[in-house]
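Shown next, in structure tokens, is the structure this report addresses.
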Amino acid sequence: MVLSVYVDLALGLVISFLLLSLLVSGLNEAFVRLLSIRSKFLWAYLRDTMDGVDAKGRSWLPATVREVFTALPFARDPRPAHSDQPAPVEAEVPAHEDKAEDAMTNLLYQRVREIDHPKTGRTSIANLPPGRFAGAVMEMAAGEDGGVEALLEKLKAMKSPLYGHLKGAWEGAQRDLDRFRQGVETWFDGEMQRLSMLYKRYVKWVVAVLGLFVTLLFTMDGLEYGKTLLLDNAFRASVTAVAGSGSDAYDELKERCEQTDPVACMTDTLSQPALVKMFDHALVSVTIPAGGDPSVHWNGGVWWSRITTLSHWPGYLLTYVALLFGAPFWWDLFRRITGIKSRR
């Protein structure tokens, strides 16, 4: 019996942290999509790799967290202008480069823009498959009279950072075109994995800020919530019922409602389960009655009182740390507790 109580307690906390983590993930995704961070991050890397620093000697790829979320989204957009035209018949690499033109980046975009769609006048491409990049390089080489050797000479004259990477792949392939293409594809795949890790490292800061925002917005005191689940049997039963723990989860609800109208009591209790009650102290709460229209309530006074009460802050800290683990962690823990099997 005691074990069942603590299992229900763990289940209730896991579900609440899972829901809040999903909210943080959704806000993060909305933020990233709104500012096109993924696409800008990719093209900042491509500009640095294809053309090097800009006309002022600055790297396109941000070096600090501040640049990721200030300079990259608002100051300098590294993405090429969108074009709905098909790729030119031949990919002609210029003999020299004006830093203001970023010729190699625009040339690469010409070879891959058939998979593009417009977004604020710029390309929306946020993922470039390694095979597609290697194919674009081969198309550039095919447009030169001397093939790969001529392409490398032009890249060297342009002082493109891409020269060193392709030169190493060419020498490693012993000047075999098939092996060269495979080498370029393998190299670019490794670069995309490295870039993805760098991107996730920066995005973690966004998740950290959003986690704090969500915790304080809902004034979600994890310790208070856990105490409520532990002491209020009907309250705990309502959340375990949501998790599909079976008909036994309603025993406490029946006991609680036996002295009143059972239908009304059960309806009221189950319409306010722990999954909903944890949002009751948010700055704005929504009530969805059994009949009638939903209503929105402003809880500014209650919210400010909870924020300024120091005894709640250990619980806020617990919730905040829990949200940093992310939704996948809590979903996996939820599956382990409930025995739900993952699909394969």
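Figures for the structure shown
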quantity: For the stretch 112-128, 3J(HN,Hα) per residue [Karplus equation, 6.51 cos²θ - 1.76 cosθ + 1.60, θ = phi - 60°, Hz, x = Gly/Pro]; calculated: 10, 6, 5, 9, 9, 9, x, 8, 6, x, 10, 5, 9, 5, 10, 9, 10
quantity: Rough spin-label spacing in nm, given labels placed 7 Å along Cα→Cβ, for Phe329 and Asn106; calculated: 4.7 nm
quantity: Sequence-distant residues sharing a close amide H with Lys119 (under 5 Å, placed H); calculated: Ser124
quantity: Carbon/sulfur fraction of accessible area - the stretch 23-125, other protein chains in place, 1.4 Å, %; calculated: 56 percent
quantity: Additional length obtainable on full extension of the chain from Ala142 to Leu310, 0.36 nm per residue less Cα span; calculated: 53.6 nm
quantity: 5 angstrom amide H check on Val284, placed H, neighbours 5+ away; calculated: Asn299
quantity: Furthest towards positive pole of dipole, Pro161, Gly147, Gly172, structure part the stretch 134-175, Cβ charges; calculated: Pro161
quantity: Cα centroid of the stretch 303-332 to Cα centroid of the stretch 41-93, whole Å; calculated: 38 Å
quantity: Note, ³J(HN,Hα) from phi for the stretch 63-72, Karplus 6.51, -1.76, 1.60, rounded to Hz, x at Gly and Pro; calculated: 9, 9, 4, 4, 5, 4, 10, 10, 5, 5
quantity: Dipole moment magnitude, nearest 20 debye, the stretch 64-180 about Cα centre, only Lys, Arg, Asp, Glu C-beta charged; calculated: 560 debye
quantity: Efficiency of FRET between Leu19 and Ala55 - r from beta-carbon atoms, R0 51 angstrom, step 0.05; calculated: 0.55
quantity: Accessible-area order (highest first, 1.4 angstrom probe) of the listed residues His297, His312; calculated: His297, His312
quantity: Student exercise, the stretch 139-223 dipole from Lys, Arg, Asp, Glu Cβ charges, in Debye to nearest 20; calculated: 420 debye
quantity: For the stretch 53-169, accessible area per residue (1.4 Å probe, heavy atoms of protein chains only), Å²; calculated: 51 Å²
quantity: Computed lengthening from Phe213 to Lys156, 0.36 nm per intervening residue step minus Cα-Cα distance; calculated: 15.6 nm
quantity: For Ser36, solvent-accessible area (1.4 Å; no DNA, RNA or ligand), Å²; calculated: 10 Å²
quantity: Carbon plus sulfur fraction of accessible area for the stretch 133-191, probe 1.4 Å, in percent; calculated: 47 percent
quantity: Sequence ranges 317-329, 189-201, ranked by mean other-Cβ count within 10 angstrom, highest first; calculated: 317-329, 189-201
quantity: For the stretch 209-224, Karplus couplings with θ = phi - 60° (6.51, -1.76, 1.60), whole Hz, Gly/Pro x; calculated: 5, 5, x, 5, 4, 5, 4, 7, 4, 9, 6, 7, 8, x, 5, 5
quantity: Where labels lie 7 Å past Cα in the beta-carbon direction, separation of Arg175 and Asn299 in nm; calculated: 7.4 nm
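The values are calculated or read from the model by the stated rules, or taken from the named source; none is laboratory data. It should be emphasised that the depicted structure is a prediction, and the values quoted were computed from it without experimental measurement. For neighbour counting, all protein chains shown are included, and Cβ atoms are generated from backbone atoms with ideal geometry for every residue, glycine included. We work out accessible area using only protein heavy atoms, side chains counted, and drop any ligands, DNA or RNA first. Shrake-Rupley method; radii C 1.70, N 1.55, O 1.52, S 1.80 Å.
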